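Taking it in order: structure first as structure tokens, then the write-up.
Read-outs throughout are calculated quantities, based only on the coordinates presented, and are distinct from any laboratory measurement. The shown structure was predicted, so the numbers you read here are calculated from the model rather than taken from an experiment. Note that we place each Cβ from the backbone using ideal geometry, even for glycine, and neighbour counts take in every protein chain shown.
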Amino acid sequence: MIVNESVLSLGISLLALFCAGFLATKINQSLIAVFIVVGMILQNFFPVTIITEFIATLGVIFMLFMFGLEFSVGGLVQNQRKIFYTGIYDFLFNFPLGMLLGWLLGYDLVKSLLLGGIIYVTSSVIVAKSIIDLKRSANPETEHLLNILIFEDMFIAIFMAFIVGIINYGHIDAKNTFLVMLKTSAYFMFFIILARTSKKFIDRIIDIEHAELFVILILSIIVLSAGAASKIGLSEAIGAFLAGLLLSETKQRHRISEAIKPFQQFSTAIFFVVFGMSIDYKHVASLIPIGIFIFIVSSFSKVYGGYFIGKKYALSKKAGLRLGFSLIPRGEFSIILAGVITMNHALPYPLKSLTGVYVLLSAILGSILMKESDWFIKWFIERKDKQTDRNV
Amino acid sequence: MSEIKECDLPGIGKKFTLQLDSGDKLVIVIHSSGEREVFKFIKDKDEPSSVTALNDEEARQIGAILSGTYFQPVLEEEQKLTMKNVTMEWIKVVTDSTLANKKIKELNIRKTTGVSITTIIRGETVIPNPSPGEVVKPLDTLIIVGNNEQIKNFISTFEIKQRLENDRQ
């Protein structure tokens, strides 16, 4: 019964996604925000079933897998100093702020940590797309921007492994923290050793010409790795991420990406819809003012952080501010982090709805700000120059 | 020769920066999708003054034009010397060709026909100015240079059936 009804509702959801997404691309808006809104509307017509929830889980798994697959370990090693320093500044400007806001809202430590992550992590998907659309790939600030995104995504992947481990234990104390950290690093070590020692072996195994068997093998690697991580109390997402990282060094990387992409696109879209469906209208109205407040405060810290990093790396004021403005959009990772607690019903609702409001605001306004920030930057710099003139 | 700075743009592609003598900067971004973008930055500006997006094919064509392989400008003095009937010919080496699997040295092409092999195109790779020790392989495409008579000579000596003049585009 559930299955039959789910098929129809899934079909309706997908059609709605297409229509909304089509309109969104016409006005150059990010799909993430639109998909969430579609979910919010659809919740009036049918409930989230165990099936859609399962597809949503796969969505996170595939998203993290693709992220691992496209991650350039070589690039990370090559630019590690730059990535580390720009990343750390951005982290210090934004993560503690998020935690502080969480504390002010009366959240416990786990939720404050989550809010820290939600506010800290910029959406790589939205920003990378905007860079290309706005023809900014050659700008001097862009390489720093991308370095920051790498650091953030890497940090969030590890952070998520850790926080899910903690949530699975129920509460933070020294012993649990230690155990979770031990498990996380053991899982990471396992994959690093595997990648180091068996590269050729893995290359040989996955070199399968049969198209269908190839897809099945790759899917089994992804899902097994995710499942194993979940079995030992870590997040499925981190398992998938490491599987992606492992396969990113193989010769078949491109083929894997082509094969998995359709699964990822489908399930990730459903993930955003399910997230939207679980946002409670009742909470939303009261959360909007807080959402706007957090958006303004955190945008300010991102812009200032970007400006600060720009100064450190001898970028012009203009480029530095543009760097900061480009960091405003939040998206996929914030939602995934908020989604971490939906699957765990022990924790209450508002953080998730708040994240929904916050991501909608920052994804929509963020991409507009990224595009339209030029006049503000001009005004700001002219004003500053006048001030310095006066001082001289 | 100016220095070319290379830089990874993770998730986007690779960036090459050329500092021009004029003080302007030319930045070329090769996207992972194969698209190329050429940006011009006027001296001390941090925003491009122009952007040109090219697909893979267009980029290669322009590259050939810029490097002079497509059309070589000749100075007037030299132009008088160039003979009207010098031609380039694209030759496909068939599997059972007498050219196949022999070193250029062994073939004695220049001595017997007067023609020079300027380039060997082997699948995706291009070998410009091949050394005498280079082995001609079946299915290679040879670019040869000579006057009409020499080319005719070459074609009859090596029994060439496939001339690729029309494939040049």
query = Once the other residues with Cβ under 14 Å from the Cβ of A:Val110 are scored (Lys, Arg +1; Asp, Glu -1), what is the net sum?
reply = 0
ask   = Roughly how crowded by other chains is peptide A:133-142, in terms of the mean Cβ count from those chains within 10 Å of each of its Cβ atoms?
value = 6
key: Square roots of 5 times each gyration tensor eigenvalue, C-alpha, the stretch A:251-392, largest first, Å   = 36, 23, 12
query = Of A:Lys82/B:Lys43; A:Lys312/B:Lys5; B:Lys5/B:Lys43; A:Lys317/B:Lys43; A:Lys371/B:Lys14; A:Lys200/A:Lys231, which ones are farther than 18 Å apart at the Cα?
reply = A:Lys82/B:Lys43; A:Lys312/B:Lys5; A:Lys371/B:Lys14; A:Lys200/A:Lys231
inquiry  = Averaged across B:40-48, how many Cβ atoms of other chains sit within 10 Å of each residue's Cβ atom?
reply    = 4
inquiry  = 7 Å from Cα along Cα→Cβ at both A:Leu219 and A:His283: what's the point-to-point distance in nm?
reply    = 3.3 nm
remark   = The answer for the net charge of residues other than B:Ile62 whose Cβ lies under 12 angstrom from its Cβ, with Lys and Arg +1 and Asp and Glu -1, is -1
request  = Work out Dmax and Rg for the protein assembly as shown from the C-alpha atoms and quote the Rg first, both in angstrom.
outcome  = 29.3, 92
request  = Among A:Leu58, A:Leu114, A:Leu287, determine the one that fluctuates most according to a GNM of chain A built with springs between C-alpha atoms less than 10 Å apart.
outcome  = A:Leu287
task = For the stretch B:103-162, state which GluC sites (Glu not before Pro) are in a DSSP loop and have at most 12 other beta carbons lying within 10 Å of their beta carbon.
result = B:Glu124, B:Glu159
inquiry  = Just to be sure I understand: with springs between alpha-carbon atoms less than 10 Å apart, which residue in A:Ala363, A:Ala128, A:Ala269 has the highest mean-square fluctuation in the Gaussian network model of chain A?
reply    = A:Ala128
key: Loop-located trypsin sites (Lys or Arg not before Pro) in the stretch B:102-164, at most 16 other Cβ atoms within 10 Å (DSSP)   = B:Lys161
query = B:Ile127 versus A:Asp374, label points 7 Å from Cα toward the beta carbon: distance in nm?
reply = 5.1 nm
task = Please report the relative contact order for chain A, taking Cα pairs under 8 Å with a sequence separation of at least 6, and give it as a percent rounded to a whole number.
result = 28 percent
ask   = Tell me which aspartates and glutamates have Cα within less than 12 Å of A:Lys261's Cα, excluding those fewer than 8 residues away on the same chain?
value = A:Glu70
ask   = In degrees, nearest 10, range 0 to 90: what is the angle between the Cα axis of helix A:2-26 and the longest Cα principal axis of chain A?
value = 30 degrees
note = Charge dipole of the stretch A:128-232 built from unit charges on the beta carbon (Lys, Arg +1; Asp, Glu -1), centred at mean Cα; most positive-end Cα among A:Ile163, A:Val180, A:Ala138 is A:Val180
query = Where Lys and Arg each count +1 and Asp and Glu each count -1, what net charge lies around A:Ala363 among other residues with Cβ under 12 Å from its Cβ?
reply = +1
inquiry  = Can you give the log10 of the normalised intensity I(q)/I(0) at q = 0.12, 0.14, 0.17, 0.22 Å⁻¹, computed with Debye over equal Cα scatterers of the stretch A:146-270?
reply    = -0.51, -0.69, -0.96, -1.33
